[in-house]
Amino acid sequence: MTAIDVHELTKEYGGSRVLDGLTFSLAPGRVTGFLGPNGSGKSTTLRLLLGLARPTSGTALVDGRPYPALTTPLRRVGALLDADAAHPRRSARDHLRVQAASNGIPAARADEVLDRVGLTDVAGRRVGTYSLGMRQRLGIAAALLGDPEVLVLDEPANGLDAEGMTWLRGLLRAHADAGGTALVSSHLMHETARYADHLLVIGGGVLLADQPLGAFLADRTARVVRFRSTDGERLAEALRTRGHQVLPGEEGVWSVPGARPDDVGAVAAAEGLGVLELRAEDAGLEDAYLALTEGTGAHRGRPATPAKG
């Protein structure tokens with residue numbers, strides 16, 4: 001049995017193909033992290049799944065049916081795509097009661113989910129007075145309103161503090177342990193690694209990986225060397241010409257998955273380049289993700305260069 005089935009899903013906008021034959025299935029009982037660079041097609045996939053856009057071709061089904069065909073969708077799928085979806089002049093309680101009424105859900109359920117997300121004390125306040133973290137919690141409350149088996153959440157940790165992220169991890173884990181399905185899109189690799197059982201990774205509108213988290217890491221990570229140089233761009237290019245994959249990072253730090261410090265040091269010496277920092281460490285989800293998606297993002301910046309003293 002699968003809760004979500006996406007088959008050969010394709011979407012074009014103005015002659016540009018945003019999704020290209022995307023296919024995956026999600027089974028109950030696990031949390032799936034949905035990863036991809038900006039412009040990779042993640043948001044488009046979620047919108048197609050929730051019936052907010054029509055595919056150019058292919059299908060996106062929940063329990064074997066398109067979302068628009070569900071008679072009481074909030075009882076089947078709970079979704080958070082936009083933390084600002086609630087009317088700013090409406091109270092959180094009223095916002096949820098309106099949604100509950102539209103799906104035949106008892107009004108008392110609004111207070112139940114507000115309590116679950118920690119907003120009971122501010123349930124009567126206008127949503128426009130809420131912080132981003134509070135609006136995120138309200139969006140999650142709306143997703144939980146119909147006690148659905150399937151959760152679809154887009155960047156649910158945005159605006160949450162450390163306590164909020166811990167709470168969110170517990171909520172997702174409890175949902176999966178109870179037999180539910182959760183699809184969670186995020187750019188926060190550290191958080192995704194802490195709650196996901198499974199990963200979907202897309203880039204350029206195509207599926208790059210569909211694996212359990214452990215298998216994804218085992219297949220793509222071992223050790224990574226990180227370095228800073230007097231000319232990082234030049235050393236990176238020299239390493240690439242010798243067959244190494246080199247990834248830019250913050251503050252002039254570059255990463256070379258699968259290499260040894262001696263490999264980098266030897267190339268630097270051959271090129272007459274100074275090495276300011278050189279270390280080896282265990283690679284994690286971010287390293288594996290960057291190695292897989294390199295070059296597939298729609299928007300790429302240049303790495304920062306060290307300040308000259």
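Where a number appears in this text, it was derived from the coordinates with a stated rule and is not lab data. As the structure is a computational prediction, the values presented were derived from the model and not from experiment. Cβ atoms come from the backbone with ideal geometry, glycine included; neighbour counts cover every protein chain shown.
Numerical summary
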| read-out | value |
| --- | --- |
| Helix 132-144 axis, angle to the chain major axis (alpha carbon atoms, nearest 10°) | 60 degrees |
| Using alpha-carbon coordinates, inclination of helix 162-177 to the longest axis of the chain, degrees | 70 degrees |
| Relative contact order computed over the stretch 1-49 (Cα-Cα under 8 Å; 6+ residues apart), in percent | 33 percent |
| Angle between the chain longest axis and helix 232-241 axis [Cα atoms, degrees, rounded to 10] | 80 degrees |
| Nearest-20 debye value, the chain charge dipole, Cβ charges on Lys, Arg, Asp, Glu | 800 debye |
| Beta bridges by DSSP in the chain, antiparallel share as percent, to the nearest 5 | 65 percent |
| Selection from Pro66, Gln99, Leu9 lying farthest towards where the dipole of the chain points positive, charges on Cβ | Gln99 |
| Value of relative contact order over the chain, rounded to a whole percent, pairs C-alpha under 8 Å and six or more apart | 20 percent |
| Nonlocal amide H pairs with Thr181, under 5 Å, H built at 1.01 Å | Gly29, Val150, Leu151 |
| Exposure proxy order (Cβ contacts within 10 Å, fewest to most) of Tyr13, Tyr289, Tyr195 | Tyr13, Tyr195, Tyr289 |
| Burial order of peptide ranges 17-29, 239-251 (average beta-carbon count within 10 Å, highest first) | 17-29, 239-251 |
| Overall form of the stretch 222-283 per C-alpha gyration tensor (a/c, 1.5; a/b vs b/c) | rounded |
| Sum of -39500 (n - 2.57) over DSSP H runs of 4+, divided by residues of the chain (222 nm, nearest 500) | -10000 deg cm²/dmol |
| Listed peptides 225-238, 59-72 by packing density, highest first (mean Cβ within 10 Å) | 225-238, 59-72 |
